[in-house]
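Worksheet for the structure shown next.
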Amino acid sequence: MRRLALACTLALPCAAHAADDFIARCEREMKPVFEVRAREAKFDLSTSLSSRVLNTKVSYGAAAQLTMGMTSGTHRTEIGIDGPSMLDAAHRRECVAPRIYVDLAYEPLRVFVAREFHQQSCAYRTVYEHEMRHVQVYRDNLPVLERHVREALEQRYAGRPLYGAPGTGLARLESDVDNWLRPFIKAELAAVERQQLALDSPEETFRLSHACLGEVEAAMGSSF
């Protein structure tokens, strides 16, 4: 009886030691890897559309309004995941190294200036310069978005692997991407669009409409 009791007593710390070895190895070898890249925002310029046609592309445009210029940006987000794992068969668990790859871009980014404006005119330059401010907002915010996404990933996983039942690691990563990462990026993009709307304030609209000694207002009798 004493031998059995001694064997059981010795078995408990042995199992605990094996479990601790597994965790230590996971923490050492299964660290997260994140790659976040924002592509430079390039744009195409179009001067072939009339102000009335441009107005149909503006969601907030009134039927009688003429749109002098417009910048449209379509954001593209590509997210890839991988999850190398290490198995602890004795305790039916695994650790997974989260690997998340994020590619961010505004493609296509298109700038329109209404064809009514001659490219050498003051009105054209005024509209074009205004649209370049919209382009610059996209350009300035891409590296900010890249940094925010990377910091959020690092904070969420804190340099550690994920632990769970065997075969569940990738499913957990997919859930994180769908239920946390994509909404996070969407919220960041919404903040950029609020900056874009701020550029088209009533004060800015008034300034543009009366630029070039009234050339814009005389030509269109409207704002953009």
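Would you be able to say whether some residue in segment 114-129 is touching a residue at least 60 places away in the same chain (Cβ under 8 Å), outside any helix (DSSP H, G or I), touching a helix residue (DSSP H, G or I) at 6+ places or on another chain (Cβ under 7 Å) and aliphatic (A, V, I, L, M)? Looking through segment 114-129, at least one residue is touching a residue at least 60 places away in the same chain (Cβ under 8 Å), outside any helix (DSSP H, G or I), touching a helix residue (DSSP H, G or I) at 6+ places or on another chain (Cβ under 7 Å) and aliphatic (A, V, I, L, M).
Quick one: is LEU189 out of contact with any Phe, Trp or Tyr (no Cβ under 9 Å at 6 or more places or on another chain), assigned to a helix (DSSP H, G or I) and touching a residue at least 12 places away in the same chain (Cβ under 8 Å)? Walk me through it before giving the result.
Numbers: out of contact with any Phe, Trp or Tyr (no Cβ under 9 Å at 6 or more places or on another chain): yes; assigned to a helix (DSSP H, G or I): yes; touching a residue at least 12 places away in the same chain (Cβ under 8 Å): yes.
Against the criterion (out of contact with any Phe, Trp or Tyr (no Cβ under 9 Å at 6 or more places or on another chain), assigned to a helix (DSSP H, G or I) and touching a residue at least 12 places away in the same chain (Cβ under 8 Å)), LEU189 qualifies.
When we screen ARG52, ARG76 for residues that are touching a Phe, Trp or Tyr at 6+ places or on another chain (Cβ under 8 Å) and either part of a helix (DSSP H, G or I) or open to solvent by 40 Å² or more (accessible area, probe 1.4 Å) (or both), the only hit is ARG76.
Of all residues in segment 130-166, those being in contact with a Lys or Arg (Cβ under 9 Å, 6 or more places away or on another chain) and not in a helix (DSSP H, G or I) number 8. Counting the residues of segment 160-214 that are in contact with a Pro (Cβ under 9 Å, 6 or more places away or on another chain) and among the charged types (D, E, K, R) gives 3. Condition first: more than 30 Å from SER209 (Cβ to Cβ) and without any contact (Cβ under 8 Å) to a residue 40 or more places away in the chain. Can you find one or more residues in segment 66-79 that meet it? Within segment 66-79 (the criterion being more than 30 Å from SER209 (Cβ to Cβ) and without any contact (Cβ under 8 Å) to a residue 40 or more places away in the chain), the answer is yes, since at least one residue qualifies.
So that you can scan it fast, the table gives a plain yes or no per residue for (1) more than 19 Å from MET70 (Cβ to Cβ); (2) open to solvent by 20 Å² or more (accessible area, probe 1.4 Å); (3) of a type outside the set (A, V, I, L, M):
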residue: PHE117; (1), (2), (3): no, no, yes
residue: TYR128; (1), (2), (3): no, yes, yes
residue: LEU142; (1), (2), (3): yes, no, no
residue: ALA158; (1), (2), (3): yes, yes, no
residue: THR168; (1), (2), (3): yes, yes, yes
residue: ALA191; (1), (2), (3): yes, yes, no
residue: SER209; (1), (2), (3): no, no, yes
residue: GLU217; (1), (2), (3): no, yes, yes
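The values are calculated or read from the model by the stated rules, or taken from the named source; none is laboratory data. Everything quoted here is computed from the prediction, not taken from an experiment. Positions of Cβ are generated from backbone atoms using ideal geometry, with glycine treated the same way; all protein chains shown enter the neighbour counts. Ligands, DNA and RNA are excluded from the accessible area calculation, which covers all protein heavy atoms including side chains. Shrake-Rupley method; radii C 1.70, N 1.55, O 1.52, S 1.80 Å.
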